[in-house]
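The values are calculated or read from the model by the stated rules, or taken from the named source; none is laboratory data. Note that the structure is predicted; figures quoted are calculated from it, not measured. Neighbour counts run over all protein chains shown; Cβ positions are idealised from the backbone, glycine included. What goes into the accessible areas is simple: the full protein's heavy atoms, side chains included, and nothing from ligands, DNA or RNA. Shrake-Rupley method; radii C 1.70, N 1.55, O 1.52, S 1.80 Å.
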Amino acid sequence: MNISHFFLSLLAIVNEMSPYILLGFFIAGILHAFVKPEMMAHHLSGKGFKPVIKAALLGIPLPLCSCGVLPTAVSLKRQGASQGATTSFLIATPQTGVDSIAATYSLLGLPFAIVRPIAALVGSVFGGMAVNTFCKDNPLEDNPTHCKSTTKAENNESFFRKLAIAIKYGFVDMVGSVGKWLVIGLIIAAIITVAVPDELFLGISQYPILAMLVMVLIAVPMYICATGSIPIALSLICKGLTPGVGFVLLMAGPAANFASVMILNKNLGKRTTMIYVMSVIVTAIFFGVLIDYILPTQWFIPNIKAFSPSCHVSFGWFQSICSAILLALLIYTFIKARKAEKLDKFNITMTKEYQIEGMACSHCQATVKKAIEALPGVNNVIVDLNNGKATIVDGEVSSDTIAAAVTQAGFTFKG
């Protein structure tokens, strides 16, 4: 593998994506600070078509991954959202997000950026209505901790305080949450661009529907965020796979993985989980076929050719500055996370550990930590994402109480 070619391809993709990713992170922070789950749950209660489509429209811009969306969806369910609306929210949210839509436009062009949220909307409404039709609504026990999560003081925070929260969430918490998967996606894309011969995909590319089915088998079990899937899809298309096959990866990869399916099965039941997975697969293949066989091919090709390895790559000053800022944020959040881990280990004065399953990102880690810390008697808790453990550092609380809080947050308590 040509190392210089690898880094050149990596820089070309990063430079093109970075301005849109930073914009997406900022909008994500605004949504986090100004849009509360209680407000969303109010619009998602009740049966019928309206709550389902509202859930899809609310979920599409939110930048949550397939595991990070689960605690949010469980919280909405406990606050009154219907099972169909909850399923619709679960399908739409991880497939898109303002950051991934912006990054899709930057790398794959406007048609991809338009079709992607439309596909998410169609699939989520289809899945939500199917759940309303074939599944019995299974209300979850209310969790007083979540009901009191928005205090009067939080509601009365000033605009500038909320803006500060938005910036911190967007450029620190969000970068920490998706940064790892974004970097992995970029590296895989650059490796595919440089190391994979063009001839490898020529045979299967002659049978797009077969290639889409193969892509589903690869993408569904795999964990990858909506933004991290974009450079991988781009590199696969550049290597000869059709745009429709690349689109299947964009939709199926971020929406389902083994961890999220297991948690969903526990909280909403086997039938709802089956409808969820089938909605993701059927919608991805349907729109993949639409792109390859019905929509004009030229809509999905011009922007891709700009990233062909044979093309000369130029770096604009604005894009380079944005890339430098993104790199600095990634390094900062990495160092911050490592320092926090070392400090937590240093500060442990008692060892009451609990095993928790289902955490796959920093958003999950923060949700579990918040749920346990909100319990009476708990003053400090450390949640280790890598080992899947929660350690009570300071406080007295029963295992049953912690188990209830963790389960109601959408995760599996193993004790």
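What the Cβ-Cβ distance of Ile331 and Thr133 gives, at R0 = 51 Å and to the nearest 0.05, is a FRET efficiency of 0.55. In this view, the solvent-accessible surface of Tyr105, computed with a 1.4 Å probe and all protein chains in place, comes to about 100 Å². Estimated at 0.36 nm per residue, the fully extended path between Gln298 and Phe318 surpasses their Cα-Cα distance by 4.4 nm. Amide H to amide H, with H built 1.01 Å from N, Lys389 comes under 5 Å of Ile356, Asp384, counting only residues 5 or more places away or on other chains. With the whole protein complex present, Leu385 retains an accessible surface near 50 Å², based on a 1.4 Å probe. The modelled label-to-label distance between Arg271 and Ala164, using points 7 Å beyond Cα along the C-beta direction, is 5.0 nm.
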